[in-house]
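A short write-up of the structure that comes next.
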Amino acid sequence: MNVLVTGCSRGVGLEVCRVLLEQGNMVYGLARSYTDDFKILEMKYPGKLFFKSVDLADSDSVKNQVVKGYITNNIVLDGYVNNAAVAYDDIVTNLNLDSLRRMYAVNVFTPMLITKYVLRNMILHKSKGCIIHVSSISVHTGYKGLAMYASSKGALEAFSKNTAREWGQLGIRSNVVVPGFMETAMSSTLTDEQKDRIYKRTSLKLATDVCSVAETIAFLLSDKACSITGQNIHVDNGTI
């Protein structure tokens, strides 16, 4: 498979790249930062892993930077993993419109635009591909300070379900993976006490395993999941 992965250089995105490469796939990564960890993975899989630095907050540049300058129609796309995201954490009474717009650009507008071009690629090549959006458990259970972030991920979940309905007749699938709280850069600002409170709300009383999330994404991309579409798959240690 040829798979496009956003937010590829760290955390879940990097682990997704690792799992897909181990399974023999070609991975085209998009991220703002070209990290040392990504470079190490690139050296381990020469000619299989590619990188382009893109500011996904600039939705207007998606067509030129991603479609014309990277994933052209010469590449047959089999999968797209929308993993990149930014978190705007604050209580609703402090909502700042500029911060909200920037988060929605990265978390909603750019992923929607990339989905548009991924679908066109799949339709052109008659590829029965799969789209995976990475959401958040905060959509389904409330956390103080995450209302704006959760709303952006909730928008993706609705978008994915309707995408699945629109394009299922061509064999194109769209699903959402909903991770629980993980030990990633996005959660690094939380104190140990805050993390402990969050983990105690789960059945397993632990942080969600990043590898488990990545393996679930890889499974959903594969033919083994050919009958799964329009779904939200929770990988959350039993939070819900």
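The values are calculated or read from the model by the stated rules, or taken from the named source; none is laboratory data. Computed from a predicted model, the values in this text were never measured in an experiment. Every residue, glycine among them, receives a Cβ derived from its backbone with ideal geometry; neighbour counts consider all protein chains shown.
Matching residues to (1) farther than 24 Å from residue 148 by Cβ; (2) of a type outside the set (Asp, Glu); (3) at pLDDT 95 or above:
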{"position": "22", "(1), (2), (3)": "yes, no, yes"}
{"position": "31", "(1), (2), (3)": "no, yes, yes"}
{"position": "49", "(1), (2), (3)": "yes, yes, yes"}
{"position": "63", "(1), (2), (3)": "yes, yes, no"}
{"position": "68", "(1), (2), (3)": "yes, yes, no"}
{"position": "124", "(1), (2), (3)": "yes, yes, yes"}
- Item | Subset of the stretch 85-102 that is of a type in the set (D, E, K, R) and not in a helix (DSSP H, G or I) - its residue that is nearest to residue 114 (Cα to Cα) | 89
- Item | Residues satisfying the stated conditions in the stretch 128-166, i.e. at pLDDT below 95, of a type in the set (Gly, Ala, Ser) and not in a helix (DSSP H, G or I) | 136, 142, 145
- Criterion: in contact with a His (Cβ under 9 Å, 6 or more places away or on another chain), within 20 Å of residue 11 (Cβ to Cβ) and of a type in the set (A, V, I, L, M, F, W, C) - qualifying residue of 76, 108, 86, 81: 81
- Note on the structure: Condition set within 29 Å of residue 223 (Cβ to Cβ) and hydrophobic (A, V, I, L, M, F, W, C), scope the stretch 167-189, selection modelled with the lowest pLDDT: answer is 182
- Query: Quick check: anything in the stretch 45-53 of a type outside the set (Phe, Trp, Tyr), farther than 16 Å from residue 10 by Cα, surrounded by 15 or more Cβ atoms within 10 Å (Cβ to Cβ) and over 19 Å from the mean Cα position of the chain (by Cα)?
  - Reply: yes
- Note on the structure: Taking the stretch 167-182 and keeping only residues that are outside any loop (DSSP other than H, G, I, E, B), out of contact with any His (no Cβ under 8 Å at 6 or more places or on another chain) and under 13 Å from residue 115 (Cα atoms), one is left with 167, 173
- Note on the structure: Counting only residues in the stretch 101-144 that are in contact with a helix residue (DSSP H, G or I) (Cβ under 7 Å, 6 or more places away or on another chain) and among the polar types (S, T, N, Q), the one farthest from residue 195 (Cα to Cα) is identified as 115
- Number of positions in the stretch 199-240 that are of a type in the set (A, V, I, L, M, F, W, C), crowded, with 17+ Cβ neighbours inside 10 Å and over 25 Å from residue 9 (Cβ atoms): 1
- Pair list, Cβ under 9 Å, 6 or more apart: the stretch 52-66 residue acidic (Asp, Glu), other residue in a helix (DSSP H, G or I): 55/61; 55/65; 55/106; 58/65; 58/105; 58/110
- Note on the structure: When restricted to 113, 97, the only residue modelled with pLDDT of 95 or more, buried (at least 16 other Cβ atoms within 10 Å of the Cβ) and not aromatic (Phe, Trp, Tyr) is 113
- Message: So in the stretch 19-44, with the set limited to residues that are crowded, with 19+ Cβ neighbours inside 10 Å and not hydrophobic (A, V, I, L, M, F, W, C), which one is farthest from residue 121 (Cα to Cα)?
- Response: 42
- Query: Does the stretch 195-204 contain at least one residue that is of a type in the set (Ser, Thr, Tyr) and in a helix (DSSP H, G or I)?
  - Reply: yes
